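Worksheet: one structure, shown below.
The values are calculated or read from the model by the stated rules, or taken from the named source; none is laboratory data. Everything quoted here is computed from the prediction, not taken from an experiment. Note: ideal-geometry Cβ built from the backbone for every residue, glycine included; neighbour counts use all protein chains shown. For the accessible areas, the whole protein counts, side chains as well, though only heavy atoms, and no ligand, DNA or RNA atoms are used. Shrake-Rupley method; radii C 1.70, N 1.55, O 1.52, S 1.80 Å.
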Amino acid sequence: MNELISKRWSPRAFSADATVSDEELRILMEAARWAPSHGNSQPARFVVGKRGTPTFDTIFETLTRGNRTWAVRASVLLIGCVVTTDDRGDIPNVEFGLGLAMENIALQAVDLGLIAHMMGGFDPDAAHRAFAMPADARPLVAMALGHPGALEDLPEDLQAREQRERQRRPLSDTVFTGSWGESLFG
């Protein structure tokens, strides 16, 4: 397995002093642009704000209280959206396209020495209104990007979560053959 995959995780300890350069941000967005999508429909769209900008502040206001405790130190906040139609009509599997684009951003962040944390804890309706999105656009996920920060900057409960051992279900529980529950890898 590629080391980028095993090194990817979702930390919350961001450096409030570091910044993501414009060039790094362009590289991250290029990674998203090259993600696979159903019929090459490319439904992923992004609203991106760098810390210190009104866009960052607006995205920050859509986050849940728990995410606000740490996301304020991120260099960049973004909202991943999908458009659901194009000139061919309804686009199928838009969530698939956005999910792959978000993973490309996360893996590219690892390659650049950055960290990324995806969040479901935000108000999509507030984001839709705040950014005057068209009717066929749906905000689905938020992400914080930046440089690693000090663990001590987090509340104690989050410090403990940051230090937990990462776990994944074994392949025997997730990959089947023949019939459901019959593990391919025993």
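A few points about this structure:
- The single condition among (1) over 22 Å from THR53 (Cβ atoms); (2) in contact with a strand residue (DSSP E or B) (Cβ under 8 Å, 6 or more places away or on another chain); (3) small (Gly, Ala, Ser) that ALA137 does not meet is (1).
- ARG73 satisfies every condition listed in (1) more than 18 Å from LYS50 (Cα to Cα); (2) assigned to a loop (DSSP other than H, G, I, E, B); (3) of a type outside the set (Phe, Trp, Tyr) except (1).
- Condition met for ALA116 (assigned to a strand (DSSP E or B) and touching a strand residue (DSSP E or B) at 6+ places or on another chain (Cβ under 8 Å)): yes
- The sole residue among ARG161, ARG166 that is outside any loop (DSSP other than H, G, I, E, B) and either basic (Lys, Arg) or surrounded by 15 or more Cβ atoms within 10 Å (Cβ to Cβ) (or both) is ARG161.
- Selection of first residues in the range 125-151 that are of a type outside the set (Lys, Arg) and assigned to a helix (DSSP H, G or I) and of second residues that are surrounded by fewer than 18 Cβ atoms within 10 Å (Cβ to Cβ) and at pLDDT 95 or above, restricted to Cβ pairs under 6 Å at least 6 apart or on distinct chains, gives the following pairs, ordered by first then second residue: ALA130/THR58.
- Selection over the range 48-65 of residues that are β-branched (Val, Ile, Thr) and open to solvent by less than 30 Å² (accessible area, probe 1.4 Å) gives a count of 2.
- Residues that are among the aliphatic types (A, V, I, L, M) and either under 13 Å from the mean Cα position of the chain (by Cα) or surrounded by 20 or more Cβ atoms within 10 Å (Cβ to Cβ) (or both) were ranked within the range 125-157; the one that is nearest to VAL72 (Cα to Cα) is ALA144.
- Flag for VAL20 being without any contact (Cβ under 8 Å) to a residue 60 or more places away in the chain and out of contact with any Cys (no Cβ under 8 Å at 6 or more places or on another chain): no
- Test: residue in the range 21-28 that is polar (S, T, N, Q) and under 30 Å from GLU165 (Cβ atoms): no
- The number of residues in the range 66-124 being of a type in the set (Phe, Trp, Tyr) and open to solvent by less than 40 Å² (accessible area, probe 1.4 Å) comes to 2.
- Only one of the numbered conditions (1) part of a strand (DSSP E or B); (2) closer than 18 Å to GLN42 by Cβ; (3) among the aromatic types (Phe, Trp, Tyr) is not met by TRP180, and that is (2).
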